[in-house]
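Computed from the coordinates by the stated procedures, all read-outs in this text should not be read as laboratory data. Keep in mind the model is a prediction, meaning the values are calculated, not measured. All Cβ positions, glycine included, derive from the backbone under ideal geometry; neighbour counts span all protein chains shown.
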Amino acid sequence: RADIGIAIGSGTDVAVESAGIILVRSNPLDIVKIVALSRASYRKMLQNLWWAAGYNIVALPLAAGVLAPFGILLSPAVGAVLMSLSTVVVAVNAQLLRRAELTA
């Protein structure tokens, strides 16, 4: 069972239409780059997942007022800024995928 179909651009129309990835240059060595990109994407997904989990573990209890008995309160404006910063961190981290080394 295949998770993704790969077709060479000069292949038949049926192969090109059914493929998830089309090799335009008709170079089979580009499959190595596809695998490298897939692994880099998976690593970024895990990084973003851990960042989001860490953020939720720390920020949500603060926003809920866990530290209120100690006089530490998180205003809604600060919570909104922290949430926005978290989104920016995830987006910037995803953009770093463009620098992934895809050597064949």
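Mind checking the angle between helix 30-64 and the chain's longest principal axis? C-alpha axes, 0 to 90 degrees, to the nearest 10.
10 degrees
Just to verify a number: FRET efficiency for ASP3 and GLU101, C-beta to C-beta distance, R0 = 35 Å, to 0.05?
0.95
Using only Cα atoms, what Kirkwood radius does region 29-99 have, in angstroms?
14.2 Å
As an exercise, use a Förster radius of 30 Å and the Cβ-Cβ distance of VAL16 and ARG43 to find the FRET efficiency, rounded to the nearest 0.05.
The formula returns an efficiency of 0.50 here.
Quick one: angle between helix 76-95 and the longest Cα principal axis of the chain, in degrees between 0 and 90, rounded to 10, please.
So the helix axis and the longest Cα principal axis differ by about 20 degrees.
Mean residue ellipticity at 222 nm from the helices of the chain, using -39,500 (n - 2.57) per DSSP H segment of n ≥ 4 over the full residue count, to the nearest 500 deg cm²/dmol?
Result for the chain: -20000 deg cm²/dmol, rounded to the nearest 500.
Hey, can you grab everything whose amide H is under 5 Å from the amide H of ILE8? Only 5+ residues off in sequence or another chain; H modelled, so Pro and N-termini drop out.
Answer set, sorted by chain and number: LEU23.
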